[in-house]
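One structure below.
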Amino acid sequence: MIKIAKIIKSNSHVDYVGRVIDAIDVDEPPVASDYGFAQFVSVPLDDDSEVIGVIYNSQLINPEYGNFGPRLSSAEVNSVLSPDYLNEQGLLVGILLLGWRDEKKVNHHRVPRRVIPVNQDIYRLEDEDALQFHKGEDGRVRLHYYSQVITHAGLFSAPLIEAIIEQLEPACEPEERQRLCVLKNALVWQRTVGGQRL
């Protein structure tokens, strides 16, 4: 798994914010495709379980914007004398928790009971692991966290569910693909009708 960020705060019990690691933190920072919209992530916990989430938002931070005062040092000099100063610019990602995988590798699509501590590492969940997280004991794909996404992802909820379905569809059986297609069409219809004002 590729480490992409660290937890820096939470907005609620299921809505966390991570700061994407960069060249100051590691020699090989993650690339943009590792932390894009609808990317599944894993947050390992100390009891061999892991919380599974999905990136649903991003925010650039740049404290220097609007600071037009004179510069006493160049960016190159600051990287040696004050490397933490350059690290104030960055990228934050919003992570919506979808469930967890316990120490026996059983998947749960519910609100995790554990609180994730600050500075906990966030890893990109590989496609195969993401698919396994979505398979029930019967081997069929399930999205039991659907209402959680609709409730907590705000304006991004419909596009997020659509992006999740698009990721899962290629690995599904035709019957499952048809069920996911019906769900996706219902979301498109709701978004279209909901956007119209009478």
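Coordinate-derived values only; no laboratory data. All values derive from a computational prediction rather than experimental measurement. Note: ideal-geometry Cβ built from the backbone for every residue, glycine included; neighbour counts use all protein chains shown.
Within the stretch 91-115, find all residues whose amide N lies under 20 Å from a label point positioned 7 Å from the Cα of Met1 along Cα-to-beta-carbon. The answer is 92-115. If R0 is taken as 22 Å, the Cβ-Cβ distance between Ser12 and Glu103 corresponds to a FRET efficiency of 0.30. A Förster radius of 45 Å combined with the Cβ-Cβ distance from Ser58 to Gln178 puts the calculated FRET efficiency at roughly 0.90. Taking the square roots of five times each eigenvalue of the Cα gyration tensor of the chain, the equivalent ellipsoid has semi-axes of 35, 22, 15 Å, listed largest first. Could you tell me whether the stretch 120-198 comes out rounded, prolate or oblate from its Cα gyration tensor? Rule is a ≥ b ≥ c as square roots of the eigenvalues, rounded for a/c under 1.5, then prolate if a/b exceeds b/c, otherwise oblate. Oblate, since a/c reaches 1.5 and b/c is not below a/b.
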